[in-house]
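Below is one structure, written out as C-alpha cells, with a few remarks after it.
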Amino acid sequence: MSSPSVPLYQDLDFHRLLTTSYQRLLGQALVPIELGAAEGAAWLYAEAPFAVLAHNTAPDPVFVYGNVAAQQRFGYDWDEITRLPSRLSAEAPNREERQRFLERVQTLGYESGYKGVRITKSGQRFMIEEATLWQLLDADGQLHGQAVIIPRTSELADSELAD
C-alpha cells in the first residue's frame, strides 16, 4: 500500500481499497459520500458507528485493520489487533463454521446477514449480527484480503455460554 511509516488506518490507498471494493460488490457506500478521502478514512477509523476489520491473504490471515469500534468490541488496541490472526477472533469450536463462511465469500465476492459467536481478548463471548464480509479486490481484480462490517453485536446470556 503506502509507506510503512503511515499507519494503515491513515493510508488513503488502503481506504480506497476498502471503500471501492465495498461499493463495487454491494452497490452502496461504506462511508458518507460527502466526505473526501482523508475525511472518510478518519471517519471510518475513529467515528463509524460499526466495527470494520480486514485481514490479509496470508495462509493464516492476520488482521491488518480494525477501526476504533472493532478495537473496543474485541478489547484490543491498534498494535494488538493488527498482529492477531483473524481465526483467533472466534473460539476453536466456532472456527470451522467461520471458515465455511470465509470460503463462501471467496466464491461469491461477499455475503451479508452473517451471525456468529466471537471472543474478546479477555475471553468474553459475544454474538456478531448482520455482518457483511467482502473480498478486498482492487480495480485490477487482485485480491488483498477480506474485510467485514459488523453493524451490531449482542451479549450472550448465561444459558448461551453453557452451549
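Does anyone have the angle between helix 37-46 and the longest principal axis of the chain? Alpha-carbon axes, 0 to 90°, nearest 10?
20
Kindly list the residues of the stretch 5-19 that lie in the label zone of W78, defined by a backbone N under 17 Å from the point 7 Å along the Cα-to-C-beta vector.
Zone members listed by number: 5-16.
Which of the peptides 85-91, 45-51 is most tightly packed, and how do the rest follow, going by the mean number of other Cβ atoms within 10 Å of each residue?
So the peptides 85-91, 45-51, ranked by packing, come out 85-91, 45-51.
With 29 Å as the cut-off, how large is the P(r) tail for the chain, expressed as percent of Cα-Cα pairs?
14
Taken together, the values in this text are just the output of simple stated rules run on the coordinates, not laboratory data. For clarity, every value in this text was computed on a predicted model and none was experimentally measured. Positions of Cβ are generated from backbone atoms using ideal geometry, with glycine treated the same way; all protein chains shown enter the neighbour counts.
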